[in-house]
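All remarks here apply to the structure that follows.
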Amino acid sequence: MKWLELSIKAPSEMVEPLSALFLRHGHGGVVVEEAGGFNPDNDEAPPPNREGVVKVYLPVDGTLKSRREGIDVGLRLFSLVRPLPPLVETEIDETDWTESWKSHFPVLHVGKRIVVKPAWHEYTQKPGEVIVHLDPGMAFGTGHHPTTRMCLEQLEKHLVPGAEVLDFGAGSAVLSIAAVHLGAARSFGLEIDALAVKSATANIVDNGLQKQIIVVEGSLPHHGAPAGGFDLALCNVSTKVLRDFALRLAEALRPRAFLIASGFTLDQEERTLEGLRQAPLSLIERAQEEDWVSVVMQKDAAGLD
């Protein structure tokens with residue numbers, strides 16, 4: 001089956017009405033792409049005069065003509081209020097559409113032992129390797145982003161066998177799964193996104209680790225994360241979240257336990273460290289990849305500060 005992709009670039013105030021129009025006449029939902037460069041989690045405002053691209057997909061079948069006409073009528077009406085550029089049309093083969101994205105997620109080797117393997121790839125495990133079976137789904141954490149890679153590398157270096165792990169902002173559960181495969185006794189994950197919790201749970205089952213890992217929807221404080229209950233915390237989240245929850249995270253750690261944190265850039269590093277130091281946590285190690293930074297902090301330690 002073939003599909004017709006319709007896309008249009010529009011000012012931010014037109015994105016919502018265009019999305020409603022496309023949703024009414026399209027099939028299966030709407031895609032909205034807007035400029036990045038700011039992080040609302042860090043209280044950053046979007047740039048002025050921001051534009052977005054709205055996309056919809058129409059099946060090339062007997063309904064195409066009526067769907068297309070409905071969209072054309074709506075666009076003509078919107079153009080009376082705000083001039084809009086013409087639609088861009090692209091015909092897509094369904095096989096290419098559903099399969100091509102998988103090429104962006106090859107088998108990934110991280111550190112000395114960790115291998116992240118998407119479900120559709122075949123891979124023969126080598127001696128000493130730990131395999132993280134992963135379906136990226138809609139949750140953050142495939143291992144391909146610099147922050148996730150750095151967290152995995154630090155995890156491999158600092159995890160003590162038998163450790164109790166707190167995964168704060170668990171995403172796909174990739175860090176929890178790697179931790180248990182590397183020797184952690186168990187991992188308790190907290191995630192505020194219900195879709196991510198669903199994705200994480202599926203990945204945990206695929207790895208056969210239901211008894212050692214649980215990811216629940218929620219945040220700190222949480223009855224599943226008691227004070228002094230963990231030997232290691234994993235936090236691949238934003239600067240704002242790290243600052244807001246630094247004290248809670250430190251409280252969950254045992255004396256001299258480690259916190260591995262990433263999710264922030266070079267220009268946010270000092271502000272992030274300022275919040276973590278006040279917990280108080282001490283800087284033990286730092287890594288950087290491109291503009292992204294990861295740190296290893298320790299509770300009740302002198303550190304590098």
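Derivation of every value follows stated rules applied to the coordinates shown; laboratory data play no part. Keep in mind that this is a model prediction, so the values were computed, not measured. Because the Cβ atoms are built from the backbone with ideal geometry, glycine has one as well, and the counts that use them run over all protein chains shown.
What the table below lists for this structure:
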quantity	calculated
Given LYS117/LYS157; LYS102/LYS299; LYS9/LYS198; LYS117/LYS211; LYS157/LYS240; LYS2/LYS102, the pairs whose alpha carbons are separated by over 30 Å	LYS102/LYS299; LYS9/LYS198
Angle in degrees between helix 12-25 and the longest Cα principal axis of the chain, rounded to the nearest 10	70
The range 235-305 and the range 178-209: distance between their alpha carbon centers, rounded to Å	22
Debye, to nearest 20: dipole size of the chain, +1 on Lys, Arg Cβ, -1 on Asp, Glu Cβ	520
GNM result for the chain, Cα springs below 10 Å: residue of GLY208, GLY169, GLY128 fluctuating most strongly	GLY128
In order through the range 187-200: 3J(HN,Hα) via Karplus (6.51 cos²θ - 1.76 cosθ + 1.60), integer Hz, x for Gly, Pro	9, 10, x, 10, 8, 8, 8, 4, 5, 5, 4, 5, 5, 4
Three-way shape call for the range 188-233 based on the alpha-carbon gyration tensor, with the a/c threshold at 1.5	oblate
Mean separation of Cα contacts under 8 Å, 6 or more apart, over the residue count of the chain: relative contact order %	13
Residue exposure sequence - GLU156, GLU274 - by fewest surrounding Cβ within 10 Å	GLU274, GLU156
Whole-Å semi-axes of the ellipsoid equivalent to the chain (Cα gyration tensor, √5λ, descending)	41, 24, 16
Between 0 and 90°, nearest 10: helix 239-252 axis offset from the chain longest Cα axis	30
Cα-based shape type of the range 165-209, given that a ≥ b ≥ c are square roots of the gyration tensor eigenvalues and the cut on a/c is 1.5	oblate
Neighbour-count order for VAL32, VAL15, VAL180, fewest beta carbons within 10 angstrom listed first	VAL32, VAL15, VAL180
